[in-house]
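Have a look at the structure below, then the notes.
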Amino acid sequence: MVEPVSLERIVRNADLIVTRHAGLVEVLRALGSTAPVIPHATADDVRGKAVLGVLPMHLAQHAYSVTEIALDLPPELRGKELTADQVRLYMRGAHEYRVTLLATSDAHDPYPLD
């Protein structure tokens, strides 16, 4: 079962924001986030942290949790830089995940958990 929590609580509990989108950062700050912001992340950056942002699975497995801010964008805005007002207009909440690597076919995994 998924636990319903407030958007503000999720945002305030984040340790790190990974995004290059200024409009999103402005909205997260208005919701109470004081987490540092970086445009791109490494495994060392996210390891053990509650991260706000979209990460590839090989990085998400290192984070304590990853929270995406869900946006319901019309097709013409996808891939475009959004203003804070547009982020607010199209935002549909936050979804927090924990990612676990279950198996790999590569004996020389480039993204080890250690």
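Read-outs: derived from the displayed coordinates by stated rules, not from any lab. Because the structure is predicted, anything quoted here is derived from the model rather than measured. Here Cβ is always computed from backbone atoms with ideal geometry, including for glycine, and neighbour counts include all displayed protein chains.
Computed per residue of the chain from DSSP H runs no shorter than four, each worth -39500 (n - 2.57), the mean residue ellipticity at 222 nm is -6000 deg cm²/dmol.
Across the range 70-82, computed HN-Hα scalar couplings (Karplus, 6.51 cos²θ - 1.76 cosθ + 1.60, θ = phi - 60°) run 6, 10, 9, 8, x, x, 5, 9, 5, x, 9, 6, 9 Hz from first to last residue, x flagging Gly and Pro. Across the range 7-97, Cα-Cα pairs farther apart than 15 Å form 55% of the total. Report the residues of the range 44-67 in range of a label on residue 102: point 7 Å along Cα→C-beta, backbone N strictly under 16 Å from it. So the set is 57-58, 61.
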